[in-house]
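Visitor: The following block contains the structure, expressed as structure tokens.
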Amino acid sequence: MKESAKTPPHWMESLLERLLPAQTRQEIVGDLREEYIESVLPQRGRLRANLWYARNALSFVPKVLRESKTMATLLVGCSVLTAICMGWLASMEMVLRHAGFGTRMALDVCFALLCLVTAYFRMRSSPRTRSEMCLRGGGLLTILFGAQAFVHNARAAHFEGFVFVISLLLMAQGMLMQLTLGRIGENHSRLQAK
């Protein structure tokens, strides 16, 4: 067997190295490589060992995304944009007054407030476990509401572009909330310890 066939695929190791912070990079990459070569590859074969390595390498993605400042900035920006869109949609509901506008307007305002609260907590980075849990639940509701609006708009007799955009924004907002929330308190505690 060639020497390169006994190691994990180079592109997977490169991806893992780019994902990990510098202080833990060598240790984690080295441990995974060692386990791959010594136990996983001989037991499972090349294909299944590569799948094992890929699964382990990709398991670091959610942690990296949660701790990334770029993701935090993206969440805040998306939250503000979604809040503006929901406020605009609520004002349009009040002006147009279609049947059931009161309920839709109340939902729009609730989601706009949820987005603003998310942006506030993410910018503040305060350790509030209950708040984070509530926001994660709100993120799930946001995804569901966005998906429901998307499907409803797709089935409607008159497709409305702004509803399509807002439903996509809501789903993106909820996904960003799920990915980036949950480590706020941990990051804050770590920063204070330094």
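Read-outs throughout are calculated quantities, based only on the coordinates presented, and are distinct from any laboratory measurement. None of these values were measured; they are calculated from a predicted model.
Visitor: Quick check: residue separation of V163 and M94 times 0.36 nm, minus the Cα distance between them. What number comes out in nm?
Guide: Here the segment from V163 to M94 would lengthen by 23.3 nm.
Visitor: Strictly greater than 19 Å: what percent of every Cα pair in region 3-59 meets that?
Guide: 20 percent
Visitor: State the extension gain, in nm to one decimal, for the chain segment bounded by R155 and S59, taking 0.36 nm per residue of separation less the distance between their alpha-carbons.
Guide: Separation in residues times 0.36 nm, less the Cα-Cα distance, equals 30.8 nm.
Visitor: Stokes-Einstein D for region 15-98 at 10 °C, 1.306 mPa s, Kirkwood Rh over Cα pairs, in µm²/s?
Guide: This corresponds to a translational diffusion coefficient of 97 µm²/s.
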